[in-house]
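Peer 1: Okay, here's the structure, questions in a sec.
Values quoted throughout were computed directly from the atomic coordinates according to the rules given, and no laboratory measurement underlies them. Keep in mind that what you see is a predicted model, and the values were worked out from it rather than measured. Note that each Cβ is placed from the backbone with ideal geometry, even for glycine, and that neighbours are counted across all protein chains shown.
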Amino acid sequence: MRGDAKAQLATGVAEPVREYGMDFDGARMRYLQAGSGPPVILLHGLLGYSFSWRFTIPALAPYATVYAPDMLGAGFSDRPTNIDYSMRATALSILHFADNLGIKNFDLLGTSRGGAVAMSVAAESIHAINGGPRVRSLILVAPVNPFSSHGRRLAPFFATPFGATLFRGGIGRMSFLYSYWLGRMFGDRSRVPPDSLKGYQAPLAMPGLFEHALRIVRTWTADLQELQALLPKLAPIPTLLMWGSKDRVVYASSLEPLARYFPNCKTAILPEAGHLPYEECPEGFNHELIQFLTSARPKD
């Protein structure tokens with residue numbers, strides 16, 4: 001673990017969390033690792049990074065070996081401009097990540113856009129060849145999905161030239177807007193943890209974060225179409241769907257149509273929470289997560 005102040009802030013959790021890097025064709029993917037036991041990989045959302053899991057990692061560590069990557073382009077990972085940032089390409093990079101670590105079966109947690117990527121990872125792993133990594137169970141926290149109308153409209157708007165200009169000139173240059181949008185992620189702004197704003201702003205010291213986000217939204221509509229087509233493949237996978245009841249980003253009303261694709265599914269609605277329940281109500285979130293992993297996780 002690096003000893004400088006930036007690394008301490010970016011980690012957000014205490015030792016024995018360890019920081020590593022993995023090479024992807026010359027680009028470094030940073031990730032955190034903690035705990036021991038069956039492997040669990042945590043996938044953050046758009047403009048998030050491993051910092052999002054600072055309350056989750058310590059709770060999970062007694063039950064699992066936890067891996068929390070900063071996906072390429074985000075957090076403190078490198079920001080290559082010459083790679084495919086589509087949902088499927090990102091999913092394949094996560095399988096590559098697991099394979100490089102020697103992981104054969106793992107539980108996968110994804111939130112927001114990371115939830116869509118997690119579903120794609122699971123679909124790809126079903127057809128893994130030569131003993132490749134396979135997803136054992138899914139935990140989807142307010143995942144981007146085809147049934148939330150808000151996400152279908154807003155992300156494609158930012159993919160337009162006008163929307164991209166507005167994004168760059170707004171959030172990218174007016175720091176007070178970052179605070180506003182972070183507050184909207186919570187059901188109750190008074191429950192924003194004191195370190196959140198500074199933590200999420202820390203990766204801005206590395207240029208290219210907002211351009212990375214814009215590359216992702218350019219494939220958003222095609223990704224949602226692809227996601228809807230692959231959902232029937234996921235029926236055999238035990239799944240936990242978690243949502244905050246006051247989510248303004250991915251509407252909780254989309255849980256029900258999404259759950260129809262997961263016959264072996266448990267659901268958890270966290271009252272009064274917004275889009276980041278793992279930060280807004282970590283105790284309740286961690287309780288549901290650990291209960292699912294310890295009681296419903298399939299045995300190898």
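Peer 1: With θ taken as phi - 60° and the coefficients 6.51, -1.76 and 1.60, list the Karplus ³J(HN,Hα) couplings across the range 114-127 in order, rounded to whole Hz; mark glycine and proline as x.
Peer 2: For the range 114-127, the Karplus-derived couplings read x, x, 5, 4, 4, 5, 5, 4, 4, 4, 5, 6, 4, 9 Hz, x marking Gly and Pro.
Peer 1: Would you check the range 5-295 for Lys pairs whose C-alpha atoms are within less than 20 Å, ignoring same-chain pairs closer than 8 in sequence, and give me the count?
Peer 2: Lysine pair count for the range 5-295: 4.
Peer 1: From the residues Pro80, Phe97, Ala142, which one has its Cα farthest along the dipole of the range 72-146 in the positive direction, the dipole being from +1 and -1 charges on Cβ of Lys/Arg and Asp/Glu about the Cα centre?
Peer 2: Comparing the listed Cα positions along the dipole, Ala142 ranks first.
Peer 1: Another question about this same structure. Take Tyr20, Tyr261 and order them by how many other Cβ atoms sit within 10 Å, fewest up front.
Peer 2: Working: Tyr20 14, Tyr261 17.
Final ranking by Cβ density, sparse to dense: Tyr20, Tyr261.
Peer 1: Related question: What nm distance separates the two modelled labels at Ala128 and Arg260, each placed 7 Å from Cα along Cα→Cβ?
Peer 2: Placing both labels 7 Å beyond Cα along the Cβ direction yields 3.1 nm.
Peer 1: Going by how many other beta carbons lie within 10 Å of each one, how would you line up Arg88, Arg113, Arg184, fewest first?
Peer 2: Working: Arg88 19, Arg113 27, Arg184 13.
The fewest-first ordering by Cβ neighbours comes to Arg184, Arg88, Arg113.
Peer 1: From the phi angles alone, apply the Karplus equation (6.51, -1.76, 1.60; θ = phi - 60°) to the range 200-216 and give each ³J(HN,Hα) in whole Hz, x where the residue is Gly or Pro.
Peer 2: Whole-Hz 3J(HN,Hα) from phi for the range 200-216: 6, 7, 4, x, 5, 5, 9, x, x, 5, 6, 5, 4, 4, 5, 5, 5.
Peer 1: If you wrap the range 61-139's Cα atoms in a convex hull and average its projection over all directions, what's the area in nm²? Kindly include the intermediate steps, with their values, before the conclusion.
Peer 2: Working: hull surface 22.6 nm².
Its Cα hull, projected and averaged over all orientations, spans 5.7 nm².
Peer 1: With +1 on the Cβ of every Lys and Arg and -1 on the Cβ of every Asp and Glu, and nothing else charged, how large is the dipole of the range 5-295 about its Cα centre, in debye rounded to the nearest 20?
Peer 2: That gives a dipole near 500 debye.
Peer 1: Which of Trp181, Trp53 comes first, and how do the rest follow, when ranked by fewest Cβ neighbours within 10 Å?
Peer 2: Fewest to most other Cβ atoms nearby, the residues stand as Trp181, Trp53.
Peer 1: What is the packing order of peptides 114-121, 214-221, taking the mean over residues of other C-beta atoms within 10 Å and listing the highest first?
Peer 2: Working: 114-121: 28.1, 214-221: 18.9.
By packing density, highest mean first, the sequence is 114-121, 214-221.
Peer 1: Name the residues whose placed amide hydrogens come within less than 5 Å of the amide hydrogen of Arg28, ignoring near sequence neighbours (fewer than 5 apart) on the same chain.
Peer 2: When sequence neighbours closer than 5 places are left aside, the close amide H contacts are Asp78.
Peer 1: Where does the charge balance sit around Phe186 when Lys and Arg score +1, Asp and Glu -1, over other residues with C-beta under 15 Å from its C-beta? Could the numbers behind the result be given before it?
Peer 2: Values: positive: Arg184, Arg189, Arg191, Lys246, Arg248; negative: Asp188, Asp195, Asp247, Glu272, Glu279, Glu280.
Taking every Cβ under 15 Å from that of Phe186, the sum is -1.
Peer 1: OK, next. In units of 2.2 N^0.38 Å, what is the alpha-carbon radius of gyration of the range 5-295?
Peer 2: 0.92
Peer 1: Taking amide H positions as placed 1.01 Å from N in the peptide plane, with prolines and chain starts having none, which residues 5 or more places from Leu270, or on another chain, fall under 5 Å of its amide H?
Peer 2: Trp243, Gly244, Ser245
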